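Heads up, the thing below is written out as structure tokens.
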Amino acid sequence: MTPPIPPAPSLDGVDRALLRLLARDARATYQELGQAVRLSANATAERVRRLRREGAIQAYTVDIDPGVHGHALFALTDVKLREGVDRRHFEESLAELEHVIRAAHVTGEYDYQLTLGCRDTADLETAVDRLKDSHGVREVNSRVVLSEVTLDPLRTLV
């Protein structure tokens, strides 16, 4: 059973400014953040804790360059499972596939959209064959990514 979606936190201008600052540098101190939004370090810390508690801040992460793994080619791969394949089992099995960078359960003609990171087209072919041979995949439709469009993740914060 899927847990209920919590209500969206109510954000004021200071909250949005803090989110923008943390998105640029999640290691900024409360002192630095406070100076930027004209609050004390303690008041800033309380706001950041509240944003975390309410779910506006979900994690502090590191954005790793996929090239570190030798991925020079990326493919968006739509996957249709064979009849009778348990979706949860398939999802768990994705952890075994080093090529899978992202996975989404989707609506439409296919069951999943995977983002695969590969060294070259031969490596992509190996990844697709492995999906079909040992992960319950019936049909695959892959598109090679030519370039990625970078969008500001905070553009929706008004």
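Quick one: Karplus J couplings for the range 52-68, per residue in order, coefficients 6.51, -1.76, 1.60, θ = phi - 60°, nearest Hz, x for Gly and Pro?
Result, rounded to whole Hz: 5, 4, 7, x, 5, 9, 9, 6, 10, 10, 10, 9, 8, 5, x, x, 4.
First compute the accessible area of the chain with a 1.4 Å probe, then give the percent of it belonging to carbon and sulfur atoms. Walk me through the intermediate numbers first.
Details: 5660 of 11110 Å².
Exposed carbon and sulfur together represent 51 percent of the surface.
Before rounding to the nearest 500, sum -39500 (n - 2.57) across all DSSP H runs of length at least 4 in the chain and divide by the residue total; then give [θ] at 222 nm in deg cm²/dmol. Before the final figure, lay out each step's value.
Working: 5 runs with 54 residues, N = 158.
Theoretical 222 nm ellipticity from helices: -10500 deg cm²/dmol.
Points 7 angstrom from Cα along the Cβ direction at E96 and E46: gap in nanometres?
Taking the simple label geometry, E96 and E46 are separated by 5.2 nm.
Over the range 52-158, average the accessible area per residue using a 1.4 Å probe and give it in Å², no decimals.
Numbers: 7490 Å² over 107 residues.
Ligands and nucleic acids excluded, the result is 70 Å² per residue.
Students sometimes get this wrong: rank R20, R38 by accessible area, probe 1.4 Å, all chains present, largest first. Kindly include the intermediate steps, with their values, before the conclusion.
On the way: R20 70, R38 215 Å².
Per-residue accessible area, sorted high to low, gives R38, R20.
Quick one: pull the percentage of alpha-carbon pairs in the chain with a separation above 25 Å.
Values: 6295 of 12403 pairs.
The answer is 51 percent, as a whole percent.
I'd like the accessible area for T115: 1.4 Å probe, protein heavy atoms, all chains in place, Å² to the nearest 10.
20 Å²
The values are calculated or read from the model by the stated rules, or taken from the named source; none is laboratory data. Model, not experiment: these values are computed from the prediction. We place every Cβ from the backbone using ideal geometry, glycine too, and count neighbours over all the protein chains shown. Remember, those area values only see protein heavy atoms, side chains included, never the ligands or the DNA or RNA. Shrake-Rupley method; radii C 1.70, N 1.55, O 1.52, S 1.80 Å.
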